[in-house]
Amino acid sequence: MDPDIARGRLAAERADASALIGSMRARLSAVVDAAVDEHADDEHDPEGSTLAFERGQLVAQIERSTERVAEVDAALARLGDGTYGRCLDCGGDIAEVRLEALPATGVCITCASRRHRSRW
Ligand SMILES: [Zn+2]
């Protein structure tokens, strides 16, 4: 992929993820404030457990988006040192179509399917 195009796409993805983190953090602090206003008796308080659930969801989403920003940053660093598009695991070329779909990916499809825990 053309490095300038890749850079643009990564920058856009980073901006999206950062904006998402910002709005989820704002929502999280609203949820936390609402929870503080609730009575401590969560067990008999459906509203309280809903808030706890939402808080857990938001924390998980913020963590995922934060990881995503880190992955985009790593991809940008690889663009900088000329290793972008090369698989981190096997050193082979990552297919163009894969980079189109997942500009921040660091591994080829073969290695991605080998990495059980990897989302990519
Ligand atoms: Zn590979």
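Here are some notes:
- Mean separation of Cα contacts under 8 Å, 6 or more apart, over the residue count of the chain: relative contact order %: 27 percent
- Among GLY106, GLY85, GLY56, the largest mean-square fluctuation in a Gaussian network model of the chain (Cα springs under 10 Å) belongs to GLY56.
- Comparing ASP93, ASP81, ASP16 in a Gaussian network model of the chain, where Cα atoms under 10 Å apart are tied by springs, the biggest mean-square fluctuation is seen for ASP81.
- Taking amide H atoms as placed 1.01 Å from N in the peptide plane, the amide H of ASP89 lies under 5 Å from those of CYS108, each 5 or more residues away in sequence or on another chain.
- C-alpha long axis of helix 3-37 to longest principal axis of the chain, angle in °: 10 degrees
- Working note: Cα gyration tensor of region 3-82, eigenvalues times five, square-rooted, sorted largest first, giving semi-axes of 38, 10, 7 Å.
- Around GLY85: net Lys/Arg minus Asp/Glu count, Cβ-Cβ under 10 Å: +1
Every read-out reported here was derived from the displayed coordinates using simple, explicitly stated rules and does not represent laboratory data. No experiment lies behind these values; they were computed from the predicted model shown. All Cβ positions, even for glycine, are placed from backbone atoms using ideal geometry, and neighbour counts span all protein chains on display.
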